[in-house]
Structure formats: structure tokens, C-alpha cells
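Novice: Let me give you the structure first, and then I'll get to my questions.
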Amino acid sequence: MSAKFPDAAMSVLDLLFAPGFFASAPVQTALIIGSAAAIVSALIGVFTVLRGQSFAGHALSDISSAGGSVAFLLGISALWGFLGVAVLAAGALELAGLRRAKERDLVTGIVLGAGLGLTALLLHLDIGTRSSGGAAISVMFGSIFAIPASMVLSMLGVSAVAVLLIGLIYRPLLLTSLDPNLASAQGVRVHAVGLLHLLILSLAVTLSAMTIGAILSTALLIGPAAAAVQIARRPGRALILAVLFGLIATWGGVLLAYDSYAWTPGQAWPVSFFITSLAFLIYLGARLWKRLPIARRTAEA
Amino acid sequence: MFASYMINGWIMATIIAVLAGAVGLFVVLRGMSFAAHALPLGAFPGAAAANLLGINELWGLIGFSGLGVIGITQLAQRQRRDVATALVLMALLGLGTLFLSLSGHYAQGVYALLFGQLVSVSRAQIWPVLALGLVILVAIGICFRPLLLSTLSPDLAATHGVSPKRTDFGFLLLVGAATAMALPVVGALLVFSLMVGPAAAARSLTDRPATALLLSVGLALLTVWASIAAAYVSDWPIGFFVGALAAAFFAVAQLSRRFRRAA
């Protein structure tokens, strides 16, 4: 290799990608899973932002932590725990009256509070039975590097289902998100589409809860989507941009976390920190970009 | 249950319940549940940061809750508030994971900060909370009418010279201060239940603001006291009971409202 590249370029590359980055198996798994989670979250995130349901999205991910705790308690795979509870929570939100916009904020809050109470209990039992305070950290803050390679296939399956569902109801989903009245006048079953949106949301939340932890998964859901919605004028473009931003945040986060072994000797910084921070920075960047004259000109053109 | 080591916990919980009930009513009326959830959760990394720096936890919590308030009001200027809240919350929590992992041995602390630990309250912890609590209550007392007006009719309030933006900011500061002090005791996730549940129930039960305020405080006290007692007897975490009771009060209040409408 060093015959091909000058030494200076090699050392820059080494600085960017700490040695062994591409060969490491956990990194490969993390990149695959992270990409799947980022894509699904970014796609459904755009609709969630447009619908003004960020709180519901965040509530679902917080409540899904109860699922992670149950899985820990029963010794089953965290994926099914997160998934089961997220779907149940989506049902509870719907039952409690999420579709009435006026009460939405309140109802989400109450369901979220009850769900978190349940998490408190389950984690308490986790700590009691397995005597490990680490359960709270791993459920809440996740670690993408700790996902076993055997989970990859089921997680990709969940992602495929989510993307397929989004594709199937793309037009009605978009229409109800932008203008529910118009949609219902055109004969779209707004209520059913809303329910499907919640269902896909719980799939996305499950995936990102596995990768960056239950209480942080909102970062992948809302961050890239909010940035894309700031910049893009058309829905299709917003979806593409959101996916791009999500992937940048995830890949950048994995890379930086891997590199950080070298910064503080012997201790890596958490991946979740890098992914959430990158997502936030991308959003701030999108806001700045919108103010630039060049962005205004392209928007007018 | 009323052993000497529990007394401080009872006193502390009572102060916090009164505050949460009062502040919570306006949270519910203004439709700011998400902010009320985000501020405590976003403030909890402050405790980890204070731990790293070796300063008093309360300062870390107040600092981070201040950051949260400023962040939300800044971003919400040209963005929907729910999106702004979500983004600020995530940025703060992201920092939280970093501080937690840098400080290493903090796993048990995380659980306590998220879900509360009432038993270990010391007398010295009560005084600052009591002082801050009184300040917040006095602030609510003084601003009760303008706050209510701007909550129920922002336009009318604006013609009376009450700026909606400034009221929003001021109110978020109140919420931030209340959560920062309640957090170490009832935990980041449960401050929120205590604010939203009883207040939402009170609002469904009455239309009169002053009655709703008293009812909200009363229900919050009932929730906390019952939760402490239940937690003591069962040895389950207090947070579970707070969350469940708050939701139960809300459900019952909603049902009774429906009955009254039908009657």
C-alpha cells in the first residue's frame, strides 16, 4: 500500500480511519445495522415531522425501553422486546385518542408517563435478579458495537418490512401528512393511514433503539428529517436528503467512536454520543444553509 | 414507613408535589407536555457533568435545564416547537451519554437519576429545594393572572402588553427550575408524570382556574404520598407507582367528564 500512496497521505488516512477499522467484525455489523436503522428512521421521520408528531415518535421510543427491559429479564433477544412493546404502545396511543389533535400532546404525555413507570419497575426487577446496574445503561443508551452478528438478518427483515410499507402507502401517507382535510375529501381513509404510520414508526423506533438506545433513538428519527424538511422543497427530495443525512450521521458516528479509542487511552467514547451530535450538527447546518443567498436563489428558481 | 430515615423523603416529596401540581396545570393548559418531558430528561446529564467536575449536582442540573430552555426557545423561532424540543433534548442527552461513559462507574447513578431515589434524602438537601420552591410558587402567584390570560387567549394578552414570546420563555424557566430541583428525588422521567397526570385530571374535572390549581396540587400530593407508601410496602420503585397513579387519575377524570356530559 505504501508504495502506492505517499507517506503523508497514508498518515492522514490512518488518522481518519484508525487501523483495523474496515477489518473489524463488530464495525461491519454496526455499519450494516446502523445503515438500516438510519434509512428507515429517516424515511418515516420526514412524515412524522410533517405530521407534527415528534412527541409521539419520542414517546414510542422511550416506552419501548420497557420492552428492552423485559427482554433482559426474560433473557430473550432485545429486538423482539423492543418491537413488541413499541407496537403495543402505538396501539395504546391510538386508543387513548392520539388522532384528536387538540388532546394529542396531553395523551402522549400520559401514556409516556405510564410507560416509563413500567420501565422503572422492569429495570428494578432486572437489577434485582441479575444484580447488574448495566441493564439501565444498555437499554437506555444502547451500543451498536454490542449487537451480535446473528441479529443482522432479523433486523434487516424488520427494516425491509418497514420500507415496503412506506412504499405501499406512500401517496396517501404523504397526502394525509400535508393536508388531512384534503386527503379525507379525496376519499383517503385518514384514520387507517394514521394507524399505519404509527405502526411503521414503531418498527423504526425498534431498529434505532437497538442501535443507539431507547431514549436517544429520536435523534435518528427527527434530526435528519427536520434538516431535510428545512432544505428541500419537494417531498421526494426531502426523503432522499433525510436518508443521506441519517447515513452520514450514523457512519460518521461509528467511525469517530472507533477512532476515539486513540483519543482517551483505552476508553472509547460512546457511539450514541457521536451519532446524536452529528445529527444535531447536520440540522444546525441545514438551518444555516437555508439562510445563505445561494439557497434562496435555488429555492426561487 | 415513618421511620426517621424516611421523614426527609416525605418532606421533600411533599414540596415537590405542591410545585409539580402548580406548574403542571399551566404545562397542561399551554400544551407543553413535550417541553415538560424534555427539560428534566435533558437536565439529567447535568448531574453527570457535575459529577465529573466535582461540583454540587444541583448546579449541573440547573445549568443543563437552562441550556434546554434557551435551546428550545431559540430553535422554536423558525421551526415547529415539537421538532425543536426533540432536537434539543437529543443534543443534551447525547452529551449525557458521553459524560456517563467518561465518568465510568455511574451505572447505578443513572437508574437513580432517571427513576428517583427518595430514601437517601438528607436534611441538607431539603433547604435549597424549599427555598427554590418558594421562589417558584411566589413567581406563579404574582404572574397568575397574566400567565393565565396568555395561556387561555394569547391574542388578548398581547393587546394587554403581555408578550407571548417572553411569557413562553419565562414559563419554561419556571418549569426548568422546578424540574432541576425535583430531579434527584423523583427522577428525570417521573417529574414529568407528576406534572402532567394530576394537572390533566384536574383540568378535566373543573373549568374554574383557581379550583383546578388546588385540585391539581391536591391530586399531585395524593399521588406522591400513595406512591411512597406503596413503594415502601412493596419494595418496588416509586416511579412505577407515580406513573401508574397519574395515568389512572387522568383516566378516571376523563370518564367522569364523559358521564357528566352524557347526563
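Okay, residues lined up against (1) within 13 Å of chain A (Cβ to nearest Cβ); (2) surrounded by fewer than 24 Cβ atoms within 10 Å (Cβ to Cβ):
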position	(1), (2)
B:163	no, yes
B:168	no, yes
B:174	no, yes
B:177	no, yes
B:185	no, no
B:196	yes, no
B:199	yes, no
B:205	no, yes
B:215	no, yes
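Novice: Within the stretch B:110-158, can you find the residues that are of a type in the set (Ser, Thr, Tyr) and either modelled with pLDDT of 75 or more or crowded, with 17+ Cβ neighbours inside 10 Å (or both)?
Specialist: If the condition is that a residue be of a type in the set (Ser, Thr, Tyr) and either modelled with pLDDT of 75 or more or crowded, with 17+ Cβ neighbours inside 10 Å (or both), then B:111, B:122, B:150, B:151, B:153 are the ones that fit.
Novice: Same structure again: With the structure loaded, tell me whether residue A:235 is under 28 Å from residue A:290 (Cα atoms) and within 14 Å of chain B (Cβ to nearest Cβ) or whether it fails that test.
Specialist: Spelling it out, it is not the case that residue A:235 is under 28 Å from residue A:290 (Cα atoms) and within 14 Å of chain B (Cβ to nearest Cβ).
Novice: While we're here: Which one is farthest from the other protein chains (Cβ to nearest Cβ), of the residues in the stretch B:224-263 that are β-branched (Val, Ile, Thr) and touching a Ser or Thr at 6+ places or on another chain (Cβ under 8 Å)?
Specialist: Checking each candidate, the answer is B:224.
Novice: Output the residues belonging to the stretch A:67-86 that are in contact with a Leu (Cβ under 7 Å, 6 or more places away or on another chain) and at pLDDT 90 or above.
Specialist: A:86
Novice: Which members of the stretch B:232-242 meet the condition of being crowded, with 21+ Cβ neighbours inside 10 Å, in a helix (DSSP H, G or I) and in contact with a Phe, Trp or Tyr (Cβ under 9 Å, 6 or more places away or on another chain)?
Specialist: B:238, B:239, B:240
Novice: Ok, one more. Only residues that are modelled with pLDDT under 70 and assigned to a helix (DSSP H, G or I): list them for the stretch A:109-153, please.
Specialist: If the condition is that a residue be modelled with pLDDT under 70 and assigned to a helix (DSSP H, G or I), then A:127, A:128, A:129, A:130, A:134, A:135, A:136, A:137 are the ones that fit.
Novice: Right, next: With the structure loaded, tell me whether residue B:76 is of a type outside the set (D, E, K, R) and over 21 Å from residue A:281 (Cα atoms) or whether it fails that test.
Specialist: no
Novice: Ok, one more. Go through (1) buried (at least 22 other Cβ atoms within 10 Å of the Cβ); (2) within 13 Å of chain B (Cβ to nearest Cβ) for residue A:197 and report which single condition fails.
Specialist: (2)
Novice: Within the stretch B:150-165, can one find any residue that is of a type in the set (A, V, I, L, M) and under 30 Å from residue B:231 (Cα atoms)?
Specialist: no
Novice: Got at least one residue in the stretch A:183-192 being within 14 Å of chain B (Cβ to nearest Cβ), out of contact with any Pro (no Cβ under 8 Å at 6 or more places or on another chain) and either crowded, with 21+ Cβ neighbours inside 10 Å or touching a residue at least 60 places away in the same chain (Cβ under 8 Å) (or both)?
Specialist: Checking the stretch A:183-192: not a single residue is within 14 Å of chain B (Cβ to nearest Cβ), out of contact with any Pro (no Cβ under 8 Å at 6 or more places or on another chain) and either crowded, with 21+ Cβ neighbours inside 10 Å or touching a residue at least 60 places away in the same chain (Cβ under 8 Å) (or both).
Novice: Could you grab me the full set of residues in the stretch A:194-211 that are over 13 Å from residue A:85 (Cα atoms) and of a type in the set (Val, Ile, Thr)?
Specialist: Hits for the stretch A:194-211 are A:200, A:211.
Novice: Please determine whether any residue of the stretch B:2-25 is outside any helix (DSSP H, G or I), within 21 Å of residue A:108 (Cβ to Cβ) and modelled with pLDDT under 85.
Specialist: No: zero hits.
Novice: So which residues in the stretch A:251-279 are under 21 Å from the mean Cα position of the chain (by Cα), within 12 Å of chain B (Cβ to nearest Cβ) and not in a loop (DSSP other than H, G, I, E, B), if there are any at all?
Specialist: A:253, A:256, A:257, A:271, A:272, A:273, A:274, A:275, A:276, A:277, A:278, A:279
Novice: Just to check your reading of the model, which residue among A:45, A:84 is assigned to a helix (DSSP H, G or I) and either free of Cβ contacts under 8 Å to residues at least 24 places away in the same chain or out of contact with any Pro (no Cβ under 7 Å at 6 or more places or on another chain) (or both)?
Specialist: When all the criteria are applied, what remains is A:84.
Novice: Of everything in the stretch A:72-81, what is over 24 Å from residue A:110 (Cα atoms) and assigned to a helix (DSSP H, G or I)? Give them in sequence order.
Specialist: Selection gives A:72, A:73, A:74, A:78, A:79, A:80.
Novice: Shifting gears a bit: Specify which of the listed residues (B:38, B:86) is without any contact (Cβ under 8 Å) to a residue 60 or more places away in the chain, at the interface with chain A (Cβ under 7 Å from one of its Cβ atoms), of a type in the set (A, V, I, L, M) and part of a helix (DSSP H, G or I).
Specialist: B:86
Novice: May I pose another question? Here are the criteria: (1) within 7 Å of chain A (Cβ to nearest Cβ); (2) closer than 20 Å to residue A:288 by Cα. Tell me which single one residue B:78 does not satisfy.
Specialist: Only one criterion is unmet by residue B:78, namely (1).
Novice: Using the structure shown, decide if residue A:177 is assigned to a helix (DSSP H, G or I), among the hydroxyl-bearing types (Ser, Thr, Tyr) and at pLDDT below 80.
Specialist: For residue A:177, the condition - assigned to a helix (DSSP H, G or I), among the hydroxyl-bearing types (Ser, Thr, Tyr) and at pLDDT below 80 - is not met.
Novice: Have a look at B:216, B:204, B:227 and point out the one that is in contact with a Leu (Cβ under 7 Å, 6 or more places away or on another chain), in a helix (DSSP H, G or I) and farther than 17 Å from residue B:9 by Cβ.
Specialist: B:216
Novice: Can you tell which of B:183, B:172 is out of contact with any Lys or Arg (no Cβ under 8 Å at 6 or more places or on another chain) and under 20 Å from residue B:243 (Cα atoms)?
Specialist: Going through B:183, B:172 in turn, just one is out of contact with any Lys or Arg (no Cβ under 8 Å at 6 or more places or on another chain) and under 20 Å from residue B:243 (Cα atoms): B:183.
Novice: When you check residue B:219 against the structure, is it at pLDDT 90 or above and surrounded by fewer than 23 Cβ atoms within 10 Å (Cβ to Cβ), yes or no?
Specialist: no
Novice: Please find, among A:248, A:282, the residue that is over 21 Å from residue B:99 (Cα atoms), more than 8 Å from every other protein chain (Cβ to nearest Cβ) and touching a helix residue (DSSP H, G or I) at 6+ places or on another chain (Cβ under 6 Å).
Specialist: A:282
The values are calculated or read from the model by the stated rules, or taken from the named source; none is laboratory data. Fair warning: this is a prediction, and the values are worked out from it, not measured in the lab. Heads up, the Cβs are rebuilt from the backbone with ideal geometry, glycines too, and the neighbour counts pull from every protein chain shown.
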